[in-house]
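Participant: Here it is, the structure, as structure tokens.
The values are calculated or read from the model by the stated rules, or taken from the named source; none is laboratory data. Note that the structure is a prediction, hence the values are computed from the model and not measured. Please note: Cβ atoms are built from the backbone with ideal geometry, for glycine as well, and neighbour counts cover all protein chains shown. In case anyone asks, the SASA skips ligands and DNA or RNA and just uses the protein heavy atoms, side chains included. Shrake-Rupley method; radii C 1.70, N 1.55, O 1.52, S 1.80 Å.
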Amino acid sequence: MAWLESHQGLGRHIKTKRLARKLGITVPAVIGHLHLLWWWAMDNLPDGCVSALEPEDVADEMMWTGDANELLNALLDVGFIDEIDNQLFIHDWQDYIGKLVDKRKSDAERKRMSRKPSKSRPKDVQRTSSGQSTDSLGDGAGNSTVQYSTLPNTITTTADEMEKIEKVYSQIHGCIGFKPKEWPLVTQFINQGIKSDLIIEVMRERHKKKLEEGGKVNSFSFYTNAITERAAQVGSQDRLDFIDDI
């Protein structure tokens with residue numbers, strides 16, 4: 001689990017006190033709101049740039065229930081957010097989080113390299129996260145010993161599928177990725193065995209249609225009903241195809 005430096009002087013820092021006065025709240029409340037932003041940014045804003053976010057997004061992540069524009073302006077006024085070359089950045093973010101970002105990049109590269117098939121392993125043998133061949137998941141009599149063994153269970157499954165979905169979502173909406181509250185929805189679909197290609201197809205179709213109608217998609221939840229319906233349709237068709245093949 002990652003952690004963030006929290007200096008003991010924050011509560012008595014002039015910027016913290018000024019932000020408290022501007023927002024009309026206590027210093028302890030300010031400290032809490034700031035840490036909520038920083039904790040979220042650790043996973044979602046590696047460069048600390050908040051320019052792609054709307055004021056309401058910043059307010060959501062800080063659990064601020066007041067005026068979102070007032071909050072963002074106050075953060076800028078006191079210096080917790082800096083404007084650099086027409087971009088907005090969390091103050092001194094790289095100084096605090098740079099080492100963690102570098103470590104995560106290194107870990108990601110190591111995991112990527114570990115996924116490459118070994119020359120000594122047959123390419124047609126699919127292996128589970130424990131390194132066991134899927135052909136061996138049985139009791140010796142041809143019966144599977146793994147419940148729901150038809151669901152994806154390799155080391156590249158969930159992470160790769162979710163990364164693929166988020167990348168396309170970011171491209172479609174011109175954003176940095178999913179909000180924290182959207183991840184459980186995506187995870188639920190993947191755990192149900194719904195393929196990323198189906199989810200992406202639905203997102204593209206529904207987003208295009210919404211734009212043509214002059215509307216705007218504000219979150220991933222807009223797609224959930226359509227994804228569920230499409231998955232049910234695909235499941236029904238697969239069953240019909242199976243019956244036809246008998």
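Participant: At R0 = 51 Å, how high is the FRET efficiency between Asn191 and Ile14 if r is their beta carbon distance? Nearest 0.05 is fine. List each step's numbers first, then the result.
Facilitator: Values: r = 48 Å, r/R0 = 0.94.
Given R0 = 51 Å and the Cβ-Cβ separation, E is 0.60.
Participant: In addition: Find how much the distance from Glu213 to Glu163 grows on full extension, using 0.36 nm per residue of separation minus their present alpha carbon separation; answer in nm with one decimal.
Facilitator: On the way: separation 50, 0.36 × 50 = 18.00 nm, distance 2.89 nm.
Once the chain is fully extended between Glu213 and Glu163, it gains 15.1 nm.
Participant: Let me ask another. Heavy-atom accessible area of Ser51 with all protein chains present, probe 1.4 Å, nearest 10 Å²?
Facilitator: 50
Participant: Using a 1.4 Å probe and ignoring any ligands, DNA or RNA, find the accessible area of Trp64 and quote it in Å² to the nearest 10.
Facilitator: 40
Participant: Another question about this same structure. What does the highest-first list of 200-207, 24-31, 55-62 look like by mean Cβ count within 10 Å?
Facilitator: 55-62, 200-207, 24-31
Participant: For the range 12-59, compute Rg over Rh where Rg is the Cα radius of gyration and Rh is the Kirkwood radius from the inverse mean 1/r over Cα pairs.
Facilitator: 1.01
Participant: Using 7 Å Cα-to-Cβ label points, what is the Thr65/Val27 separation (nm, one decimal)?
Facilitator: Those two pseudo-labels are separated by 2.5 nm.
Participant: Using only the heavy atoms of the protein chains and a 1.4 Å probe, how would Lys15, Lys22, Lys210, Lys167 rank by accessible area, largest first?
Facilitator: Heavy-atom accessible area, descending, gives Lys167, Lys22, Lys210, Lys15.
Participant: How far apart, in nm, are the 7 Å Cα→Cβ label points at Ser170 and Asp92?
Facilitator: 2.8
Participant: Mind scanning Lys17/Lys216; Lys164/Lys208; Lys15/Lys167 and naming the pairs with a C-alpha gap bigger than 30 Å?
Facilitator: Table pairs above 30 Å Cα-Cα are Lys17/Lys216; Lys15/Lys167.
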